[in-house]
1. Give, in whole angstrom and from largest to smallest, the semi-axes √(5λ) of the equivalent ellipsoid of region 390-434, with λ running over the eigenvalues of the Cα gyration tensor.
2. If each of Q368 and K327 carries a label point 7 Å out from its Cα toward its Cβ, how far apart are those two points in nm?
3. Please work out how much accessible surface D413 shows to a 1.4 Å probe, ignoring ligands, DNA and RNA, in Å² rounded to 10.
4. Carbon-plus-sulfur fraction of the accessible area of the chain, 1.4 Å probe, in percent?
5. Using the heavy atoms of the protein chains and a 1.4 angstrom probe, tell me the accessible area per residue for region 171-213 in square angstrom.
6. What ranking of I440, I354 comes out by heavy-atom accessible area, probe 1.4 Å, highest first?
7. Ordering F30, F102 by accessible area with a probe of 1.4 Å, largest first, what comes out?
8. Rolling a 1.4 Å sphere over the protein heavy atoms, what is the accessible area per residue of region 258-379, to the nearest Å²?
Amino acid sequence: MQFVETRGNDGSSRDKVSFSEAILSPSASFGGIYAPQTLPSFGIEFLERHLNSNYKELALGVLHSFEIDIDDKTLVEALARYDEFDDPKNPVPLVKIEDDCFVMELYHGPTRAFKDMALQPFGYILAKEAQKRDENYLIMAATSGDTGPATLETFKNQDNIRVACLYPHGGTSDVQRLQMVTEEAENLKVMGVHGNFDDTQNNLKALLASKEFKAELEERNIKLSAANSVNFGRIIFQIIYHIHAYLELVRMAEIEMGENIYLNVPSGNFGNVLGGYYAKKAGLPVEKLLVASNINNILTDLIEKGVYDMANRELIKTESPAMDILKSSNVERVLFDKFGGERTKELMDSLNSIGRYSLTTEELASIQEDFVATYAEDDECEAYIAKYAQQGYIMDPHTATCMKAYEKCTPKDLKVVVYSTAEWTKFSTTVARALGATDIDNDTEALEWMKNNSSQKVPKMIDGLFLKEIKHSNVVDAEDIKDEMLRFLN
Ligand SMILES: *Cc1c(COP(=O)(O)O)cnc(C)c1O
């Protein structure tokens, strides 16, 4: 299958590329990204065929349907990364929390956040492609918390790949920071940067755009790639678990084959819910995709009113920091899928020049055929965390945003799958406070409080973090990032 550019082609490169090309160089013409030219079918026939497949068998079936140019041996080895999850047979448990509501837990991998679901196998494939071509790649990530650890974890000790990860000093949770600064591998570099996440991300963008830095990379024979969800290599692995959730409900006799369900996704960069959109479009029986946000509710406005407006907004820090995003990159792939490259370019150009765009009435109607959205504020999320804890289920603040969507956006009597994107241990301070802890202001105290006041266990990869040696103690000013990077690359 070929991949095409979301904003059309500028004539300087081919207008269609293979999967391996799209993942190695994920930037397309006019600042666009790559999207599949067509979609396979994941309708009833595919579902019947995979009714008895385990997760890895289903994953292989999905990957094969996309006819990607990665050999089977590499795919099988990439999927073997799921063997390191808590339950190798089923890396994504589905837990019933209401008669009609089920939580699919996407956080049972090494960094306890859903980023592992895609980054683990994707990172393996990207590294193998780089090695096969004998090319060297640098992957740079600015992270507010979960992307950094998962990116470091997947690429550590992989030949031909170097990863540099920038985080805002003081802007992550203790657990998230420790997950990064204790990673030990020759090919990894982690830097704290003075300033907030926006500053860090802008500094990284400026560096990546600088001619001087590009020349330095060329001199060293290093190419740039990216591992955030603009890379389709991540999205493809985020289609699989939506199909798996559906099949699990059929196997549990909660639904009949063919019955519609709601998919309810805590959204930031829109990668997770985009996977659900592609699955629906390819035939999975989905009534609507529920897009849950926090107070940074730019997606709610888009889906309810057809207006995407960054110009009149400031980013607000919340207790679900992985969803504190205004520029949600993967919306572009939906626009492209529905309205084509020319219109997508027009809308994205408008976003870049005046910070906003508006859809037409027909376009909005088309978006609303697939999506419905709402948002929950921090105090509402804490109330949901407390409510479900009382019923015996502990959820993290990101997952909690979905419970408002569950109550508000499901007019039909259909089953709902909520996607849980982080284990509570990554956001223990918020969770402990929601459960009634007072005087807790760091993760160490919060984890201890939870051990004493709930039946929850803390997995060893979280507990052990506090004893590990710090390997990356650099905290730099923005203007020193480049020099630090060059020292790392030499
Ligand atoms: C990344 C992340 C999200 C947002 O996912 P998108 O695919 O960017 O929409 C939500 N919750 C957690 C915990 C995350 O790490």
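1. 23, 10, 9
2. About 3.0 nm, to one decimal.
3. We get 140 Å² for D413.
4. Answer for the chain: carbon and sulfur cover 44 percent of the accessible area.
5. Heavy-atom SASA per residue in region 171-213 reads 44 Å².
6. I354, I440
7. F30, F102
8. It amounts to 36 Å² per residue over region 258-379.
The values are calculated or read from the model by the stated rules, or taken from the named source; none is laboratory data. Here the structure is a predicted model, which is why all the values come from computation and not from measurement. Glycine also receives a Cβ, built like all others from the backbone with ideal geometry; neighbour counts cover every protein chain displayed. All accessible areas refer to the heavy atoms of the entire protein, side chains included, with ligands and DNA or RNA removed. Shrake-Rupley method; radii C 1.70, N 1.55, O 1.52, S 1.80 Å.
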